[in-house]
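Step one of this worksheet: look at the structure below.
The values are calculated or read from the model by the stated rules, or taken from the named source; none is laboratory data. Bear in mind the structure is a predicted one, so any value in this text is a computation, not a measurement. A quick note on method: Cβ atoms are made from the backbone with ideal geometry, for glycine too, and the neighbour counts reach across all protein chains shown. Surface areas here come from the heavy atoms of the whole protein model, side chains and all, with no ligands, DNA or RNA. Shrake-Rupley method; radii C 1.70, N 1.55, O 1.52, S 1.80 Å.
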Amino acid sequence: MPGHLGPEAQRQLVETLRTAVAAAPLVIPVMPRTGRPFTVRMTNLGPLGWVSDRAGYRYQPTHPETGKPWPPIPDPLLRLWREVSGYPQEPEACLVNFYNGGARMGLHRDEDEEDFAAPVLSVSLGDTAVFRMGGPERGGRTETLKLASGDVLVMGGASRLCYHGIDRVLPGTSSLLKDGGRINLTLRRVTRP
Ligand code: MD3
Ligand code: FE
């Protein structure tokens, strides 16, 4: 849904995220086993948060460094989920990804959730990203799509288990974030109801 969030809604969301990130700082996750750092920095909102460290990928109720519960998912995001997800239960996790100039995210599938019946809902803020979408198998055909500030993407049905990633972020394409970069929010249902 291109431009689903208008400029004022985007600014308010960024303001809310500044407060949340002060309580739950962005961390640079590392890959399981190798310990290779991500280029994206992450935090979470909601009862569960997605983390990656040498031990693996998982959802957990607390921030890995502060040990405190993740801040709540802000009301505007809960309302967005109710409006567009088509899913009766509330989201349990909101993963916050921050991309600076050189950050990217390799092709992967989101499969650490128990409940694949629920869609993943993505909100883009700040600089435009080149998003790559493939099929259900690694190595298949892929296509790219630009994700701009305010765009909302609902990945449900067959697309829920498709490979996807972020090739790059295009600097200077938005003035929403003072120092540039991109924020992506993904709302997720984790447990089976
Ligand atoms: C397709 N984030 O956090 S959002 C992720 O822009 C992630 O930060 C990217 O991939 C980002 O896991 C892409 C769009 C997105 C989110 C979830 C999906 C696409 C998806 C789940 C299944 C298929
Ligand atoms: Fe993903």
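Descriptive notes on the structure:
The rows are residues; the columns are (1) within 14 Å of ligand 2 (Cβ to nearest atom); (2) under 14 Å from the mean Cα position of the chain (by Cα).
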position: Arg82; (1), (2): no, no
position: Gln89; (1), (2): no, no
position: Glu92; (1), (2): no, yes
position: Asn97; (1), (2): yes, yes
position: Arg104; (1), (2): yes, yes
position: Arg109; (1), (2): yes, yes
position: Asp115; (1), (2): no, no
position: Val123; (1), (2): yes, yes
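- Subset of the range 154-193 that is basic (Lys, Arg) and open to solvent by less than 20 Å² (accessible area, probe 1.4 Å) - its residue that is farthest from Val40 (Cα to Cα): Arg160
- Looking only at residues of the range 155-172 that are in a loop (DSSP other than H, G, I, E, B) and under 16 Å from Leu125 (Cα atoms), we find that the one that is farthest from ligand 2 (Cβ to nearest atom) is Gly172.
- For the range 52-77, the set of residues classified as closer than 28 Å to His4 by Cα and without any contact (Cβ under 8 Å) to a residue 60 or more places away in the chain consists of Trp70, Pro71, Pro72, Asp75, listed by residue number.
- Set side by side, the residues Pro64, Pro136 differ, and just one is under 18 Å from Val30 (Cα atoms), open to solvent by 70 Å² or more (accessible area, probe 1.4 Å) and in a loop (DSSP other than H, G, I, E, B), which is Pro64.
- Output for the range 21-51, where each listed residue is touching a residue at least 40 places away in the same chain (Cβ under 8 Å), of a type in the set (Val, Ile, Thr) and open to solvent by less than 70 Å² (accessible area, probe 1.4 Å): Val21, Val40, Thr43
- Being within 14 Å of ligand 2 (Cβ to nearest atom), in a loop (DSSP other than H, G, I, E, B) and within 17 Å of the chain's Cα centre (by Cα) is not true of Phe131.
- Residue selected from the range 80-104 under the condition within 11 Å of ligand 1 (Cβ to nearest atom), of a type outside the set (A, V, I, L, M) and not in a loop (DSSP other than H, G, I, E, B), by the criterion surrounded by the most Cβ atoms within 10 Å (Cβ to Cβ): Cys94
- Filter result (part of a loop (DSSP other than H, G, I, E, B) and open to solvent by 50 Å² or more (accessible area, probe 1.4 Å)) within the range 1-20: Met1, Pro2, His4
To keep it simple, each residue is scored yes or no on (1) touching a helix residue (DSSP H, G or I) at 6+ places or on another chain (Cβ under 8 Å); (2) at pLDDT below 95; (3) at positive phi; (4) aromatic (Phe, Trp, Tyr).
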residue: Trp81; (1), (2), (3), (4): no, no, no, yes
residue: Glu90; (1), (2), (3), (4): yes, no, no, no
residue: Ala103; (1), (2), (3), (4): no, no, no, no
residue: His108; (1), (2), (3), (4): no, no, no, no
residue: Ala117; (1), (2), (3), (4): no, no, no, no
residue: Pro136; (1), (2), (3), (4): yes, no, no, no
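- Considering Leu125, Leu77, Leu107, the condition of being within 15 Å of ligand 1 (Cβ to nearest atom), open to solvent by less than 30 Å² (accessible area, probe 1.4 Å) and part of a strand (DSSP E or B) is satisfied by Leu125 alone.
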